[in-house]
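The values are calculated or read from the model by the stated rules, or taken from the named source; none is laboratory data. Everything numeric in this text was worked out from a predicted model, so none of it was measured. Heads up, the Cβs are rebuilt from the backbone with ideal geometry, glycines too, and the neighbour counts pull from every protein chain shown.
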């Protein structure tokens with residue numbers, strides 16, 4: 001009486017296995033290279049934050065910067081991903097890793113093309129101490145490039161979904177009222193009252209800030225869509241041993 005059920009179960013299991021895309025299957029065992037690289041990325045982000053903190057006379061202002069907050073997210077995400085790679089656990093959800101990638105990409109791109117560009121109208125160039133210079137490179141250059149390398153080389157393509165693009169924007173959009181409310185609560189003339197020139201109400205007024213927010217918001221959404229598209233069309237650059245399949249994370253999405 002039990003034999004037909006066993007046979008049916010076997011056929012159903014075989015059918016289910018055949019339906020699983022090959023790209024969603026990851027090799028068993030630890031991924032030591034991925035784990036080590038991700039641990040180093042987390043360490044780089046943490047080191048940059050610590051170095052910036054040492055030279056800062058106002059930690060509240062320091063931690064109000066999008067740069068610091070996005071690097072904290074990178075440190076946590078990559079440390080978590082490193083632990084999962086080392087212990088052979090499923091990869092983090094692409095929604096989480098994609099968010100970290102987008103936010104740190106925004107940090108790098110805005111710094112190099114806007115804040116460090118005297119012709120942008122929003123430059124924040126100034127003299128830096130040696131520690132600040134090292135922290136600056138770690139937080140604005142090393143971690144964005146390392147996150148991009150991890151995505152392109154150590155993560156299988158196809159994990160980002162179109163809905164992720166607008167979901168990722170929740171944090172950048174919430175950062176706007178955070179920065180404005182914080183600035184409104186501080187006394188006029190307070191150094192670093194607004195974290196970035198394009199959010200400075202004293203310079204641009206609320207109407208100007210609204211216009212800046214629309215421009216930057218559209219740019220960030222365009223970047224998010226570009227990441228989703230590139231994730232769909234980019235090739236596999238390495239074999240599966242150290243690569244962690246985004247599609248294989250199943251219930252974590």
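With the condition kept exactly as written, say whether any residue in the stretch 145-154 is out of contact with any helix residue (DSSP H, G or I) (no Cβ under 6 Å at 6 or more places or on another chain), closer than 13 Å to residue 103 by Cα and modelled with pLDDT of 95 or more. Yes, the stretch 145-154 contains at least one residue that is out of contact with any helix residue (DSSP H, G or I) (no Cβ under 6 Å at 6 or more places or on another chain), closer than 13 Å to residue 103 by Cα and modelled with pLDDT of 95 or more. Taken across the stretch 116-135, residues that are in contact with a helix residue (DSSP H, G or I) (Cβ under 8 Å, 6 or more places away or on another chain) and closer than 21 Å to residue 225 by Cβ do not occur at all. Of the residues in the stretch 18-34, at least one is assigned to a helix (DSSP H, G or I), surrounded by 14 or more Cβ atoms within 10 Å (Cβ to Cβ), in contact with a strand residue (DSSP E or B) (Cβ under 9 Å, 6 or more places away or on another chain) and at pLDDT 95 or above. The lone criterion from (1) in contact (Cβ under 8 Å) with a residue 24 or more places away in the chain; (2) exposed (fewer than 15 other Cβ atoms within 10 Å of the Cβ); (3) within 18 Å of residue 198 (Cα to Cα) left unmet by residue 122 is number (2). Scanning the stretch 79-100 for residues that are buried (at least 17 other Cβ atoms within 10 Å of the Cβ) and assigned to a loop (DSSP other than H, G, I, E, B) yields 91, 92, 93.
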